[in-house]
């Protein structure tokens, strides 16, 4: 009897082992795809001009990463909320938007997830690089061991896949909710307010309120007006068409950052004062505390 005839009675077991190899390889590829999606999309940032371009670059970079690097980026930037915060570029000349998605838990949860991820990478490497010695089609016993190994491997890795799939779904749900909000009237008003709060003239108002206020905390709007003309003459000239407000006083009120008060003078006239609203500390929408 030749060797081909000896292997034939064990052919069904061999086919089953091959099926399980393919099944596990596909599982690892699905995990890799989920990691690439999460790494590429958990953080988005950019200006109104380059937001989409930056996201495309982030996606292309993630798709070139190896499994080990993807796991590192996932555990450092997504698994814990201790990841590096998004840093806005200096000298911005337009609105900058940023969005960060993280999952967090106690120390035990974090360490358990890190261990699961490392185990998953080790399992993947063992299957891809070290499975061949287990492939002995002329030995029914060794093939049965190989089939059992593949079943146990899948059982160990499936929790990682399920976790990543649930995190990906949560990220998608958050993104859809955010997109729906930004498309709504309320979202548009919110976005317009963010743009106003980051405008050059509001920056001047904040600077004067911080550095030139009286002992009682109030600052003179006239001082802010003079400085605005010196620092941002074009913005003052085109205030109405760009910001929708004809005066610095109306702009201060619309920014929702300041209290505005007309202080009476002995001659019957008044001067306009302003100061940060209680608790504002000159922080604007979209800024980190």
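Quick notes on this structure:
- Residue 224 vs. criteria buried (at least 16 other Cβ atoms within 10 Å of the Cβ), touching a strand residue (DSSP E or B) at 6+ places or on another chain (Cβ under 6 Å), part of a helix (DSSP H, G or I) and at pLDDT 90 or above: no
- Here residue 141 meets each of (1) surrounded by fewer than 16 Cβ atoms within 10 Å (Cβ to Cβ); (2) over 23 Å from the mean Cα position of the chain (by Cα); (3) within 30 Å of residue 39 (Cα to Cα) with one exception, condition (3).
- Whichever residue in the range 261-289 is surrounded by 15 or more Cβ atoms within 10 Å (Cβ to Cβ) and within 19 Å of residue 212 (Cα to Cα) and, among such residues, is modelled with the lowest pLDDT: 282
- Only residues that are under 21 Å from the mean Cα position of the chain (by Cα) and free of Cβ contacts under 8 Å to residues at least 24 places away in the same chain were counted in the range 110-134, giving 0.
- Flag for residue 57 being at pLDDT 90 or above, closer than 30 Å to residue 193 by Cβ and over 14 Å from the mean Cα position of the chain (by Cα): yes
- So residue 32, is it surrounded by 14 or more Cβ atoms within 10 Å (Cβ to Cβ), in contact with a helix residue (DSSP H, G or I) (Cβ under 8 Å, 6 or more places away or on another chain) and at negative phi: yes
- Scanning the range 69-101 for residues that are modelled with pLDDT of 90 or more and in contact with a helix residue (DSSP H, G or I) (Cβ under 7 Å, 6 or more places away or on another chain) turns up 70, 71, 73, 74.
- Any hit, the range 251-268, residues being in a helix (DSSP H, G or I), without any contact (Cβ under 8 Å) to a residue 40 or more places away in the chain and either in contact with a strand residue (DSSP E or B) (Cβ under 9 Å, 6 or more places away or on another chain) or on the phi < 0 side of the Ramachandran plot (or both): yes
- Members of the range 219-237 found to be touching a helix residue (DSSP H, G or I) at 6+ places or on another chain (Cβ under 7 Å), under 16 Å from residue 252 (Cα atoms) and touching a residue at least 12 places away in the same chain (Cβ under 8 Å), listed by number: 219, 221, 223, 224, 225, 227, 228, 232, 235, 236
- Qualifying residues in the range 174-216 (those that are within 26 Å of residue 235 (Cβ to Cβ) and not in a helix (DSSP H, G or I)) - the one modelled with the lowest pLDDT: 198
- Considered as a group, the residues in the range 183-210 that are touching a helix residue (DSSP H, G or I) at 6+ places or on another chain (Cβ under 7 Å) and within 21 Å of residue 247 (Cβ to Cβ) include one that is surrounded by the most Cβ atoms within 10 Å (Cβ to Cβ), and that residue is 205.
Yes/no matrix, rows are residues, columns are (1) within 20 Å of residue 27 (Cβ to Cβ); (2) free of Cβ contacts under 8 Å to residues at least 60 places away in the same chain:
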| position | (1), (2) |
| --- | --- |
| 142 | no, yes |
| 154 | yes, no |
| 164 | yes, no |
| 177 | no, yes |
| 180 | no, yes |
| 188 | no, yes |
| 199 | no, yes |
| 210 | no, no |
| 217 | no, yes |
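The values are calculated or read from the model by the stated rules, or taken from the named source; none is laboratory data. Just so you know, these numbers come straight off a predicted model, no measurement behind them. Using ideal geometry, Cβ is built from the backbone for each residue, glycine included, and neighbour counts are taken over all protein chains shown.
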